[in-house]
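The values are calculated or read from the model by the stated rules, or taken from the named source; none is laboratory data. Here the structure is a predicted model, which is why all the values come from computation and not from measurement. Note that we place each Cβ from the backbone using ideal geometry, even for glycine, and neighbour counts take in every protein chain shown.
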Number of protein chains: 2
Amino acid sequence: MEVAETIAQVRSLVGAARGRGKKVGLVPTMGALHTGHVSLIEAAVNDCDFVVVSIFVNPTQFGPGEDLEAYPKPFEADLEICAKAGVDLVFAPAPEQMYPAQNLAWVTVERLTEPLCGRGRPIHFRGVTTVCTKLFNIVGPDVAYFGQKDAQQATVVKRMVADLNMPLEIVVCPTVREPSGLAVSSRNQYLSDRQREEAANIHKSLEECRRLIEAGETQAARIIAKVRAKLQEVPSMEIEYVDVVDAETLESLEKVSGRVLVAVAVRIGAARLIDNIVLETGG
Amino acid sequence: MEVAETIAQVRSLVGAARGRGKKVGLVPTMGALHTGHVSLIEAAVNDCDFVVVSIFVNPTQFGPGEDLEAYPKPFEADLEICAKAGVDLVFAPAPEQMYPAQNLAWVTVERLTEPLCGRGRPIHFRGVTTVCTKLFNIVGPDVAYFGQKDAQQATVVKRMVADLNMPLEIVVCPTVREPSGLAVSSRNQYLSDRQREEAANIHKSLEECRRLIEAGETQAARIIAKVRAKLQEVPSMEIEYVDVVDAETLESLEKVSGRVLVAVAVRIGAARLIDNIVLETGG
């Protein structure tokens, strides 16, 4: 496995692989790799001949007061995970490599970035789409892999790729969960043991929601109330949002119909956690 | 010469050329080709092995009330010019090919798009950078060619390519002029013979400005006043702006220093015309 810190090194190594006819896969990450990332890497190793993992805590997707400084950076452990998983190249640039000057060019996606996490994190998705564009342009992958846990991010990136004719495929892999049901996330590290137990309630609330919809409930307001009530069984959990939206447009629904995304964001202690389920409903 | 109407055809033809080791050049145009475009094509034919000209009147760079509908579309004549100039592939997509759904993803460049033409055309550059990104992603050129006549556009596109790590080089070619000094432009077609004579005054005003600066004038206000006075010798000419800016940041200068852009936009009858000069000054 090679580790590159510069854009020039990445271009040269990926160019050589492409010259040998290799199909190139990219897993963009902010490091602090966990079993969720490993599942993306495994999908890439399975589909592609040359797998690149980028490790870059992207400052432009953090707002003021967010956890940019606190974000975990266990670089040696990350490299070990990548090597074990069969990664060919890790791209780990310094911030000055990715943003050598004040950044003036941005990629934005309208509408899809406004609801859900977009409300509380107004510059977040602009940072995500811009850094993904940069990484796609640097690496030039045939396929890039994202996790369903970040459902809105996956929807936004897919729309960006389609609208801007970016020459790659986006693959979205299922959410990986701890035995308790808690979606794995780098930010779970911020939780105490007790908070981690309590956080399992997020998934339980979504499973209850699934049962409710499968039992025939169609009113979004009633579904949201039920999820909120379940979440509030843990008093330390602060709800940022619970919403029932169309899985493609991310617009709030009054009545569930078609492919529906139920998405949740909460705070427990220092951690902001998100989770979701997608359901195929009638109508 | 091949003519492609679909993205799939372009990708296939350019992919085949690249597979044969060809260096690919792109000249993005809105058609109505003139000697300015031909000079870009000649530069591309000179530098590259496979030259693509795109012909697409991009609706997203026209504001309400602008000349989208009136824009000339002499398609057969354009094809003849391309064939004669040694173009390998013309990409002439329908609007539905470029914008099959409502476009939600945009590329924007801050600051550089605000002064000069940005003031009177607030959505123009967003349309330009977005369609250029799409064309770059569709064609995948090694080099793309732009004209110095559209100085702000060239500066904005270069910054977009740098900030977003787009894997291509931007070449800016000198402004081509009619014998009278008038910069060639598709929009010169909107002029009557008399207006075309009068429009030569734009270049004369910039040449007077050059002499003034070369004679030692450093105060932007005095330079602008002189250019305006010269332009106003033609009463039918309506001045949109005259500005003296830093050629890289496009910020207005009080005192000329370094590489300076003097840029003009006027209206004569139905035509909005722009022109500029770049001067290396002391300081």
Within the range A:200-229, count every residue that is exposed (fewer than 12 other Cβ atoms within 10 Å of the Cβ) and either among the acidic types (Asp, Glu) or under 25 Å from the mean Cα position of the chain (by Cα) (or both). 1
Find the residue count for the range B:5-28, including only residues that are in contact with a Leu (Cβ under 8 Å, 6 or more places away or on another chain) and buried (at least 21 other Cβ atoms within 10 Å of the Cβ). 5
Given B:Pro235, B:Pro179, which one is farther than 30 Å from A:Leu104 by Cα, of a type outside the set (Phe, Trp, Tyr), at pLDDT below 95 and not assigned by TED's automatic domain parsing to the domain that holds B:Tyr71? B:Pro235
Of the listed residues (B:Asp193, B:Asp150), the one being away from chain A (no Cβ under 14 Å), of a type in the set (Asp, Glu) and without any contact (Cβ under 8 Å) to a residue 60 or more places away in the chain is B:Asp193
Sort out which residues of the range B:230-252 are of a type outside the set (D, E, K, R), surrounded by 21 or more Cβ atoms within 10 Å (Cβ to Cβ) and farther than 15 Å from B:Asn201 by Cα, and write them in order of number. B:Val244, B:Val245, B:Leu250
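Evaluate the range B:153-175: report whether one residue or more is outside any helix (DSSP H, G or I), more than 12 Å from every other protein chain (Cβ to nearest Cβ) and crowded, with 22+ Cβ neighbours inside 10 Å.
Scanning the range B:153-175, I find no residue that is outside any helix (DSSP H, G or I), more than 12 Å from every other protein chain (Cβ to nearest Cβ) and crowded, with 22+ Cβ neighbours inside 10 Å, so the answer is no.
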Against the conditions (1) assigned by TED's automatic domain parsing to the domain that holds B:Tyr241; (2) closer than 30 Å to B:Thr6 by Cβ; (3) of a type in the set (D, E, K, R), where does B:Asp142 fall short? Just the number, please. (1)
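From the list B:Phe136, B:Phe125, which one is part of a helix (DSSP H, G or I), within 19 Å of the chain's Cα centre (by Cα) and more than 10 Å from chain A (Cβ to nearest Cβ)?
Step by step, each of B:Phe136, B:Phe125 is checked, and only B:Phe125 is part of a helix (DSSP H, G or I), within 19 Å of the chain's Cα centre (by Cα) and more than 10 Å from chain A (Cβ to nearest Cβ).
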Subset of the range A:262-283 (residues that are surrounded by 22 or more Cβ atoms within 10 Å (Cβ to Cβ) and more than 14 Å from A:Ser185 (Cα to Cα)): A:Val262, A:Ala263, A:Val264
Here the residues within the range B:30-58 that are within 24 Å of B:Asn103 (Cα to Cα) and free of Cβ contacts under 8 Å to residues at least 40 places away in the same chain are B:Val53, B:Ile55, B:Val57
Filter the range B:268-283 for residues that are of a type outside the set (D, E, K, R) and touching a Lys or Arg at 6+ places or on another chain (Cβ under 8 Å) and give the result. B:Ala271, B:Leu273, B:Ile274, B:Asn276, B:Ile277, B:Val278, B:Leu279, B:Thr281, B:Gly283
Under 7 Å between Cβ atoms, which residue pairs at least 6 apart in sequence (or on different chains) link something in the range B:263-283 that is in contact (Cβ under 8 Å) with a residue 60 or more places away in the chain with a partner that is in a strand (DSSP E or B) and hydroxyl-bearing (Ser, Thr, Tyr)? B:Ala265/B:Tyr241
Is it fair to say A:Ala83 is out of contact with any helix residue (DSSP H, G or I) (no Cβ under 7 Å at 6 or more places or on another chain) and touching a residue at least 40 places away in the same chain (Cβ under 8 Å)? yes
Residue check for B:Ser192: surrounded by fewer than 20 Cβ atoms within 10 Å (Cβ to Cβ) and out of contact with any Pro (no Cβ under 7 Å at 6 or more places or on another chain): yes
Give me the pairs: first residue in the range B:92-120 and within 7 Å of chain A (Cβ to nearest Cβ), second residue charged (D, E, K, R) and assigned to a loop (DSSP other than H, G, I, E, B), beta-carbon distance under 8 Å, and six or more apart or on different chains, which are they? B:Leu104/A:Glu110; B:Leu104/A:Arg111; B:Ala105/A:Glu110; B:Trp106/A:Glu110
If you go through the range A:211-223 one residue at a time, do you hit one that is β-branched (Val, Ile, Thr) and within 30 Å of A:Lys134 (Cα to Cα)? no
Out of curiosity, is A:Val131 outside any strand (DSSP E or B), within 14 Å of chain B (Cβ to nearest Cβ), modelled with pLDDT of 95 or more and out of contact with any His (no Cβ under 7 Å at 6 or more places or on another chain)? yes
Condition check: more than 14 Å from chain B (Cβ to nearest Cβ), of a type outside the set (Lys, Arg) and free of Cβ contacts under 8 Å to residues at least 40 places away in the same chain. Does A:Asn188 satisfy that? no
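Would you please name the residue that is farthest from the chain's Cα centre (by Cα), looking only at residues in the range A:159-199 that are under 30 Å from B:Pro100 (Cα atoms) and β-branched (Val, Ile, Thr)? Reasoning before the result, please.
Taking the range A:159-199 first, the residues under 30 Å from B:Pro100 (Cα atoms) are A:159-174.
Filter again for β-branched (Val, Ile, Thr), leaving A:161, A:170-172.
Details: A:Val161: 16, A:Ile170: 13, A:Val171: 12, A:Val172: 9 Å.
Checking each candidate, the answer is A:Val161.
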